[in-house]
Amino acid sequence: MATLIKATQVSKIYHKTVVPVHALNKVDLSIEEGEFTAIVGPSGCGKTTLLNILGGLDHPTSGKVEITGIDITNMKDSDLIDFRLQNIGFVFQAYNLIPVLTAVENVEFIMLLQRKDKKERIARAYELLEKMSMLDKADNRPGELSGGQQQRVAVARALASKPRFILADEPTANLDSASTANLLDLMAQINKEQKATFVFSTHDQRVMDKAKRLVTLLDGSIVSDITR
Amino acid sequence: MYLTLAWRNIWRNKRRSLITVFSITFAVLLACFMRSMQLGAYARMIDNSVRFYTGYIQIHKSGYWTDKVIDNSFNYDLTLQNKVKAIEGVILDVPRLESFTLTSFRNQIKGAFVMGVDPQRENELTNVKDKIVEGGYLNQDDDGIALAEGLAEYLKIKVGDTLTLLSQGYHGANAAGLFPVRCIIKFSLPQQNNSVIYMALPSAQWFYAAPDLITSVSLLIDTPDNTDRIVAELKSHVNLDELEVMGWHDLVPDLLQSIELDNISGKVMLWILYLVIGFGMFGTYLMMTAERQYEFGVMLAIGMRRMRLQALIVLEISIMTILGVAQGIALSLPLLTYFHYHPIVYGKEAAKAIESFGVEAIYPFSLDLVIFTNQAYAIFIMAIILSAYPVWSIYRMKVVESMRA
Ligand SMILES: Nc1ncnc2c1ncn2[C@@H]1O[C@H](COP(=O)(O)OP(=O)(O)O)[C@@H](O)[C@H]1O
Ligand SMILES: [Mg+2]
């Protein structure tokens with residue numbers, strides 16, 4: 001299988017405070033196509049920092065990140081935005097959606113950014129909402145949806161752009177256990193059926209249990225990497 | 001969809017957006033009202049003195065304008081008349097012989113201003129017939145006179161009575177005569193209303209012993225914009241040692257100066273108004289940007305180009321501005337149209353004070369298109385300048401930082 005993401009000796013040091021914070025220490029990590037991988041570890045261990053760097057949202061202090069062989073470390077801001085749009089799906093912890101757009105419009109929006117035509121946008125948006133069991137809420141705005149429903153729409157949006165992989169930073173952190181299980185099952189199902197690659201972070205044991213590969217971070221370093 | 005997005009974003013904070021839109025509406029309304037009143041008054045003032053008195057262009061004997069005496073008169077002969085009429089844009093030439101006189105009726109005596117005119121052409125220029133309040137207008141070779149209302153009142157003279165005039169004629173000749181009053185004319189400008197006597201040109205030339213002579217020719221032209229061109233053409237056609245040609249800017253310089261001064265103060269007021277409104281608009285833009293940092297961060301993260309996000313905000317700002325401006329114009333248009341056709345008339349007391357400055361005591365409103373377009377431009381330019389802030393802030397935004405908050 002092809003390597004999608006390859007991080008080499010990635011370090012991140014924050015100089016905001018008097019004492020510099022080493023959020024990541026020379027992390028080496030590669031993700032293959034079709035993985036369903038969890039980045040785990042206690043709060044503050046560097047999960048968000050790592051995912052942001054893998055997704056081209058932040059630059060490492062040293063080291064490099066290649067995605068499908070393309071080095072994104074020194075990419076120009078505007079090119080990086082386009083690169084993210086075409087290659088990476090994002091799901092954040094909360095407030096993923098544009099509040100004034102309905103569920104289906106939110107999913108459509110990312111395809112609008114890709115300049116897909118209207119027919120294709122609508123068809124795919126409804127198809128994905130159906131897959132995420134959100135068809136009945138298609139015309140509701142995020143404010144009218146529960147946290148779990150919002151995250152399902154966010155996953156639908158992430159899939160809509162047909163990205164090479166999806167990064168999800170603690171997607172279940174704000175959800176109750178039923179919604180958490182539901183969201184993870186849906187993600188796992190899509191991973192299995194469509195070979196969609198997921199990399200997500202969590203510190204929730206029940207979520208870890210669903211992952212096929214567990215990468216454990218501690219104080220900015222990978223301390224274990226288990227594939228089941 | 002961008003339009004839908006912008007539209008819905010505007011109404012996320014209904015109260016704030018409404019306040020912004022209405023403050024723009026209010027500013028446009030107030031500004032249009034102010035400007036309409038000012039420009040209306042200026043146009044009226046210029047009309048009063050130019051259109052209905054001096055004409056747009058005058059020809060005199062050289063030196064007459066600085067020394068307005070009957071000795072500075074000239075012969076407006078046929079050759080000259082033909083030259084003047086041949087110029088494109090000249091509609092009418094109105095000859096006048098103007099000088100001072102003493103008037104006397106029973107035991108009243110008063111100084112007055114005689115205007116020897118071609119009654120028909122004078123009427124074409126100044127619509128003097130419409131201002132007659134009593135009696136009938138002068139014939140072409142009438143030996144009577146038309147009296148201004150204020151003067152007639154002072155002299156306690158009526159139509160049909162005979163007025164005695166005493167003055168000095170051309171080259172020191174004695175001038176004396178008896179003139180029956182044919183009609184009374186009401187002028188809007190008090191200076192005119194208290195002093196003018198109209199006389200048919202032949203009578204005036206006889207009275208002042210100045211046969212064939214006049215002191216000025218006033219020209220009615222097709223549009224004021226042609227003034228400079230026609231003046232230049234006239235100057236090339238006449239002997240400038242003998243005659244002087246003046247456009248209305250030179251004929252009423254004091255008026256123009258006071259208008260310009262007033263106009264500046266009006267504009268300063270407008271800028272103050274815009275400044276106040278501008279602060280309000282800026283506050284809205286500031287909050288619009290600040291409270292949506294996280295959302296903007298998400299949009300940049302998932303792949304929305306900064307330019308598009310900036311365009312979205314500018315679109316939101318533009319929509320609010322258009323709504324405000326359109327509403328302002330929509331409200332001011334009928335209001336100003338009403339006041340244009342029903343000008344505000346001052347109360348008696350105020351009217352007297354204003355008329356004593358030589359200005360008519362009504363407030364005509366202008367409907368000049370410029371009034372509306374200028375306010376629209378001003379607000380739009382301001383909105384564009386102020387929207388630089390959100391545009392700049394999106395340009396500088398760091399995805400990770402905006403999403404950490
Ligand atoms: N922008 C930042 N400025 C300063 N320190 C930061 C910043 N972002 C993260 N950190 C620090 O880096 C470390 C890793 O943070 P983070 O990646 O958010 O961990 P996690 O997602 O595992 O909770 C923490 O100590 C955190 O305080
Ligand atoms: Mg985190």
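Here are some notes:
- Distant-in-sequence amide H partners of B:Leu92 (H built 1.01 Å from N, under 5 Å): B:Leu220
- Average accessible area per residue (Å²) across the protein assembly as shown - probe 1.4 Å, nucleic acids and ligands excluded: 47
- Helix axis angle, A:177-194 relative to chain A longest principal axis, alpha carbon, degrees: 90
- Debye-sum result for chain B in log10 I(q)/I(0), which assumes one identical scatterer on each alpha carbon, at q = 0.10, 0.11, 0.12 Å⁻¹: -0.78, -0.86, -0.96
- Intensity falloff of region B:69-214 expressed as log10 I(q)/I(0), Debye formula with alpha-carbon point scatterers, at q = 0.12, 0.16, 0.20 Å⁻¹: -0.47, -0.82, -1.23
- Interatomic Cα distance distribution for chain A, bins of 5 angstrom, percent: 1, 7, 15, 19, 19, 17, 12, 7, 3, 1, 0
- Cα-based equivalent ellipsoid, region B:130-183: semi-axes from gyration tensor eigenvalues, Å: 22, 14, 10
- For A:Leu24, the residues whose amide H sits under 5 Å from its own are A:Lys12, ignoring neighbours fewer than 5 places away on the same chain, with H placed 1.01 Å from N.
- Total charge dipole magnitude, chain B, about the Cα centre, Cβ charges on Lys, Arg, Asp, Glu only, Debye to nearest 20: 2880
- Kirkwood Rh (inverse of mean 1/r, distinct Cα pairs), region B:1-146, angstrom: 21.0
- Put simply, the amide H of B:Gly63, placed in the peptide plane, has no neighbours under 5 Å, leaving out anything fewer than 5 places away on its chain.
- Cα Rg over Rh - region A:69-153, Kirkwood: 1.02
- For the listed peptides B:153-163, A:113-123, a ranking on the average number of other beta carbons within 10 Å per residue, highest first, reads B:153-163, A:113-123.
- Shielding score for A:98-105, defined as the mean number of other chain Cβ atoms within 10 Å: 4
- Inter-chain Cβ neighbour average for residues B:306-319, partner chain, 10 Å: 1
- Nearest 10 degrees, 0 to 90: helix B:293-302 Cα axis against chain B principal axis: 70
- Carbon and sulfur %, accessible surface of chain A computed with the full protein complex present, 1.4 Å: 51
- Nearest 10 degrees, 0 to 90: helix A:103-113 Cα axis against chain A principal axis: 60
- Lys, Arg +1 and Asp, Glu -1 on Cβ, resulting dipole of the protein assembly as shown about Cα centre, debye, nearest 20: 3240
- When A and B come together, around 2400 square angstrom of accessible surface is lost from both chains combined, probe 1.4 Å.
- Restraint check, A:Lys6/A:Lys137; A:Lys76/A:Lys212; A:Lys47/B:Lys398, Cα-Cα greater than 27 Å: A:Lys6/A:Lys137; A:Lys76/A:Lys212
- Rounded to whole numbers, the Karplus 3J(HN,Hα) couplings from phi for region B:152-161 are 4, 4, 4, 7, 6, 10, 10, 4, x, 6 Hz, using 6.51 cos²θ - 1.76 cosθ + 1.60 with θ = phi - 60°, and x at Gly and Pro.
- Straight Cα distances below 26 angstrom link B:Lys83 to the lysines B:Lys61, B:Lys68, B:Lys235, with same-chain residues fewer than 8 positions distant left out.
- Sites matching trypsin sites (Lys or Arg not before Pro) across region A:1-80 that sit in DSSP coil, with at most 16 neighbouring C-beta atoms within 10 Å: A:Lys16, A:Lys76
- Exercise: per-residue mean of other protein chain Cβ atoms within 10 Å, B:290-302: 5
- Placing +1 on the Cβ of every Lys and Arg and -1 on the Cβ of every Asp and Glu, with nothing else charged, gives region B:224-297 a dipole about its Cα centre of roughly 580 debye.
- Using distinct alpha-carbon pairs, which all enter the 1/r mean, Kirkwood radius of the protein assembly as shown in Å: 31.8
The values are calculated or read from the model by the stated rules, or taken from the named source; none is laboratory data. All of these numbers come straight from a predicted model, not from anything done at the bench. As a convention, Cβ positions derive from the backbone with ideal geometry for all residues, glycine included, and neighbour counts pool all protein chains shown. Please note that ligands, DNA and RNA were not included when accessible areas were found on the heavy atoms of the full protein model with its side chains. Shrake-Rupley method; radii C 1.70, N 1.55, O 1.52, S 1.80 Å.
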